[in-house]
Structures are given as structure tokens and as C-alpha cells.
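K.L.:
Below: one structure in C-alpha cells.
The values are calculated or read from the model by the stated rules, or taken from the named source; none is laboratory data. None of these values were measured; they are calculated from a predicted model. Don't worry about glycine lacking a Cβ; one is built from the backbone with ideal geometry, like all the others, and counts go over all protein chains shown. Quick note on the areas: whole protein, heavy atoms, side chains included, nothing else; ligands and nucleic acids left out. Shrake-Rupley method; radii C 1.70, N 1.55, O 1.52, S 1.80 Å.
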Amino acid sequence: CLSLSTTTTAFSPQHQPSNNAHVATESSALKQATSSKDLKDTQQQQQQQQQQQAAVGTVSTTNKRTNTNQKQQSSRKIKGRTGADMGATVRRLARSRQTAEQQTNQLQTVGDLTKLTAAIDKRLLQHSSQSLFANDGLVRQSPDPLGALLEYGDENNNAADTNAAVKAHEIVVVFGKPLVDDQVTVEYAARLRTLARLLSDHEMESPDLICFCGGISRQHDNHIADADAGFLFFQQLCIKEGISLSNVKLFVDRRSTSEEKALQCVTSHVMKEHVSEWLAVSQQTESLTDEYGMERRGPLRKKLHLHFTLLSTEYHLCNLNDIHHRSPNQSLLRPIEKLRTVDRSHEEIMSEYDDEISAFRRSLQSSSTDEKSAAGEQQQQQQQRRTRPIINGIIDCSWSFQYSTYPYSYTTDDASAFMGRCFLLGEALLPLSINMKGVVAEREFLQRDNYVTAASIRHKLVALMEDLYKTSPGLRSGLREITTDHKARKTVDIVLEGATLSLGRCIDLLRPAGLHQSSVTKAEYTKALRWLDHCRNQIQTYCDPDRPLDLYEWGTMGCLSSQQSGDYDDDENWDGGTGI
């Protein structure tokens, strides 16, 4: 054992250097192996990273391609969807640009208020069947009053059909025409014949009340009231045609000298004599709740519906309708409107109406004589208030128009036809006259429709005068044979010249206000009203061709007279007219 150990210990120092070298070699080899392994690992990691980046790049490229394809597809869809609308869009833009350019040009061309008014009128009337053409204030065409009357009739008939279940008491009002030498005239007979024809042909149900209106015309030196003569003539027609009036009540108004007073007398008579009786038998009552939905207390009041049929010549009814719409505060139909009682008593409404009328008339009166007459009229109104009956009920009113044709519109006599045209033109100035009185009294503004109508009438009068002097010498000589004033030796053509001149002066004063150029003073309005009244008075006095009926025309429906006199072409036109 010892030998072995010594031997081992003896030989160990000798072999130590070689072992150290071998260890160093092995450590360097290990280092190299480790470094190569690390290098391989690093390369593998880099390769993996590159593969991952390549995969990510491939995915992103795929996504980009997908998004690009989707965008291309969506753009194709949009192009496909909007391609059909591109043409319409372009055309729409072109039209809008053209319209904007036109409006800009129009704004540039409108330099003052006159041009602006003309442009507005042109725009408003470009879709209308009837248009107005103004040249330096001379209007070539005016609105049709008869068309407005027919439109009102259609609306009223529709309302009547809607309220067909409500039974109304029918009241017919026949407006009188001044007699000539205390005799019924051709025009007045046409109105009465129209009423008789409606009753005989059953186009009108038997009315509850027929009222004949018209007092004694002092202007024509009459001694008989128009209503009395018209009532007698109508009685003769009923006897001849077999028309029974047994169930119809009649009222003859011998006091009224105007349409407003006539309707006041009619409504006063209805309130005093008939409303209480008709309310007693009425089966209609007010609703159980008021307009606020609250239940009414106490007994329910009875309801009554009154319907007035106004019968006259068409130009007369057109004036009533135009005044009612253009000057409502001065409407000649206000007495009928004031009969309506919904939540106020009849006494309160009529008192308010009387106060308004009195205030308006006082504003027009300036002399002491007028003030005395106004005071007497106020006392008369107060006395009427004391005698008015107290009505405990609800009254609703409506009205319609029934017209007869103006008989001189279709006569074969040239002189009568010419005077008839002039007379109708003079009557068409009544709405302007009423409106001017309100303007002078500072209660309303000048209505442009009235100015347009007056300018058109002046143009027509000028055209008639030119035709009279240039192309119708025979007509002029025929008119000169009709001496209208034996003292002054005035003839129709001279009167028409003066009337046309007066109307022209009136229009010259009203032109700034009528064309909306500038304002007009009250003094100018007053002067224009005087010229207008002079024109109307001249035409009414000297250009009315109406004449008394002949003996063989009395009490007939017109057929016999047309056959014997030969003044009219057909028999049906004599009694003329149709209903609204």
C-alpha cells in the first residue's frame, strides 16, 4: 500500500503540466462549441423572426389587397348606383344656376318701387287665367266681378249642402229700380219676372217671406213708391202664371231709398214680426256644452237659421259683393250680419251696429245742417232701441244671390245698347266711391282692386268715345237726337265727354297710391272723390236707357212683348238670368 501511494505521489508532479494544457484545450473547445451553438441559436431566432415578419407581411399584404378590393367593389357599386342620377343632378344644378342668374338679373333690373310692384304682380298672376296689364297706369283688363259673384255662390251652395239638415227660413228680398213717370221699367220688370219664373218652374222652394223694397224716387218726380208698383206687377204675373202665394208672407217697404236702408227695414221687420213666432216652433237647440267644453247651466236656448235670397240685376249684386269684400266696414250687407247672435244678445249687437254707423256718418259730415240731421237720426235710433223686442234665442244668418240679366245687354237698338254699356261702366264705379268715402273719413285704405277697375273703366270709356266719333257716325247722330236736358241742350255724347274727363282727373290724383308709388294727401283724396261723384252722377242721370213698360208688356213674362215690339232676339232672354 505504501509503495503504491508513494509511487502515485512521486509521479503526480511530473504529469501536472500536461493535464493543465489538456484542460485549457478542452475549455477553449467548449467555448468554441458554446459560441457556435449560441450562433446557431441566434441564427435560428433570426430566421424565426424573419419568418414571422414574412408571415405578418403576407397577412398585412393580404388584408391590404382585401381592403383594396372591397374599396374598389364599393366604388363600383356607388358608381353603378349614382351613374343613373348623374344626368338628373347635373340638369338640376344647371336649372338652379339659371334660376339664380335670372333672379339676380331681375333684382338688378328692379330699380324703384314701381318696377318692384310690377314684378310682384307678374309673378303672382303668371298662373292666373286673368291677368292685368298696366301701361303707364292705364290698365287694359280688370277683374271680373261676376266671376267673383259666381265663386261666392258656389261656396255658399257647398255650405248649404253641408248644412242641409238644418231647416232655414227663406226670405226673398227684391231690390227696386226707380220708376220712370210712376211706371215699372224694363229692368225692374226683368227682376220681378225672374222671381216669378223661379217660383213657377219650382227652381226655388216656396219662401216664408217675400220683401219688396224701394221708396218714392224724388229724383224722377215720382209719386208712387217703387215697392208698391213692383208688388202690383208681381201680383199680375202670379195671377197669369197660376202661382199661389197663400202660404207666403209679403212685406212692402215704402221708406227705403238705398240698399242699406232697405236691408235695415227688412231685418227690423223680421225681428219684430216673425222671429218670435219662428223660434217658438223651432225644434233646434244649442249644444249641451259650450265652446270650452263646459256643460251649460239653465235651459237650452233655441236656434233659428235665416237665409236671405237677394234678387236684383247682375251689376247691382256684383257691387254689393265687391263692397262687402273690399270695404267690409261699409258693407251694405251688414244689417244681415248683425242679426247673428251666438254668445251676445241681439240688443247688444244692434246697438253696437248703430253706434258704428252713426260715428262713420258723423266723420263724413262737416256742415251745421248735416250735424242737425245727424242729431235727428241719432234720436230716431234711440227710439228704435226702446221698441226693439228682446229675443231669447240664437239666430244664424246666411245669404245668396239670384240675378236677372241686364235687359239692354242684348237689345238690337244700337243707341240703347251703347247707353246701356256706358251705364254699366258708371255703376261699376260704386265700390271705388264707397272705398273713397272711407279713405276720406280715415277709416280704411285705398283698395288697389278698386283703382284697377276705375282705370280699366276709363280706358273703356275712351274706347267707346273713339268708336263713337270715328267708326259710328250714324250712332252719334242717333244719340244727338236724344236730348237729355231740354234747358241746357245737353246730349249723351257731350255728357260722356265730361264724365270721362272727370274720371281721368280722379285717376290722375289716385295714381301714386293706386300704383304704390307714393302717398296721397287727404285733400287730394277729397278732390278725387268729388270728381268721381260727378262722373257717376252724370252717367246715372243721362245714360240710363231704361224706359217704362208698354201697355202690352204689363203683367206678362216677356214673350208677348218680344214678339210684338221686336226689340229682342229671343223670348227667353227677356226675363233673363239664372241663380247663384
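K.L.:
Leaving ligands, DNA and RNA out of it, report the carbon-plus-sulfur percent of the accessible area of the range 168-313 at a 1.4 Å probe. Intermediate values should be presented prior to the final figure.
P.N.:
Numbers: 3260 of 6900 Å².
Carbon with sulfur: 47 percent of the solvent-accessible area.
K.L.:
Keeping every protein chain present and rolling a 1.4 Å probe, give me the accessible area per residue for the range 202-273 in Å². Intermediate results must be reported in sequence, preceding the final value.
P.N.:
Values: 3780 Å² over 72 residues.
Value for the range 202-273: 53 Å² per residue.
K.L.:
Along the range 245-256, what does the Karplus equation 6.51 cos²θ - 1.76 cosθ + 1.60 (θ = phi - 60°) give for ³J(HN,Hα), rounded to whole Hz, x for Gly and Pro?
P.N.:
10, 5, 9, 10, 8, 10, 9, 10, 9, 9, 9, 6
K.L.:
Ordering 303, 240 by accessible area with a probe of 1.4 Å, largest first, what comes out? Walk me through the intermediate numbers first.
P.N.:
Working: 303 85, 240 125 Å².
From most exposed to least exposed: 240, 303.
K.L.:
With the cut-off at 26 Å, tell me which of the pairs 249/338; 177/470; 303/437; 240/261; 261/302 have Cα atoms farther apart than that. Each step should come with its number before you reach the end.
P.N.:
Values: 249/338 23 Å; 177/470 34 Å; 303/437 37 Å; 240/261 32 Å; 261/302 29 Å.
With Cα atoms farther than 26 Å apart: 177/470; 303/437; 240/261; 261/302.
K.L.:
Here is a further query. In whole angstrom, how far apart do the alpha carbon centroids of the range 179-224 and the range 540-560 sit?
P.N.:
Comparing the Cα centres of the range 179-224 and the range 540-560, I get a distance of 12 Å.
K.L.:
Rank by packing, highest mean first: peptides 222-230, 550-558, with packing defined as the count of other Cβ atoms within 10 Å averaged across residues.
P.N.:
Details: 222-230: 20.7, 550-558: 16.6.
The packing order, highest mean first, is 222-230, 550-558.
K.L.:
A follow-up question, please. Quick one: accessible area per residue over the range 492-534, 1.4 Å probe, rounded to a whole number of Å²? Show your work: numbers first, answer last.
P.N.:
Working: 1930 Å² over 43 residues.
Here the per-residue accessible area is 45 Å².
K.L.:
Applying a 10 Å radius around every beta-carbon, put 242-249, 405-412 in order of their mean neighbour count, most first.
P.N.:
Numbers: 242-249: 11.4, 405-412: 19.1.
By packing density, highest mean first, the sequence is 405-412, 242-249.
K.L.:
Just subtract the alpha-carbon distance of residue 221 and residue 280 from 0.36 nm times their residue separation and send over the number in nm, one decimal. Mind dumping the intermediate values first?
P.N.:
Details: separation 59, 0.36 × 59 = 21.24 nm, distance 4.47 nm.
Stretched out fully, the residue 221 to residue 280 stretch lengthens by 16.8 nm.
K.L.:
List the extent of the Cα atoms of the range 288-335 along each of their three principal axes, largest first, rounded to whole Å.
P.N.:
48, 21, 14
K.L.:
With every protein chain left in place and a probe of 1.4 Å, what is the accessible surface of residue 396, to the nearest 10 Å²?
P.N.:
My reading of the accessible area for residue 396 is about 80 Å².
K.L.:
Can you give the extra length, in nm with one decimal, that the chain gains between residue 501 and residue 88 once fully stretched, where that is 0.36 nm per residue apart less the Cα-Cα distance? List each step's numbers first, then the result.
P.N.:
On the way: separation 413, 0.36 × 413 = 148.68 nm, distance 5.92 nm.
Extra length available between residue 501 and residue 88 comes to 142.8 nm.
K.L.:
Once a ≥ b ≥ c are taken as the square roots of the eigenvalues of the Cα gyration tensor of the range 390-459, is the result rounded (a/c under 1.5), prolate (a/b larger than b/c) or oblate (a/b not larger than b/c)? Before the final figure, lay out the partial values.
P.N.:
Values: a/c = 3.57, a/b = 1.36, b/c = 2.63.
Oblate shape, in that a/c is at least 1.5 and b/c is the bigger or equal ratio.
K.L.:
A further question on this structure: State the extension gain, in nm to one decimal, for the chain segment bounded by residue 325 and residue 241, taking 0.36 nm per residue of separation less the distance between their alpha-carbons. Could you put the intermediate results ahead of the total?
P.N.:
Details: separation 84, 0.36 × 84 = 30.24 nm, distance 3.81 nm.
Separation in residues times 0.36 nm, less the Cα-Cα distance, equals 26.4 nm.
K.L.:
May I pose another question? Provide the FRET efficiency to the nearest 0.05 for the residue 255-residue 206 pair, computing r from the beta carbons and using R0 = 30 Å.
P.N.:
Numbers: r = 27 Å, r/R0 = 0.90.
Here the calculated transfer efficiency is 0.65.
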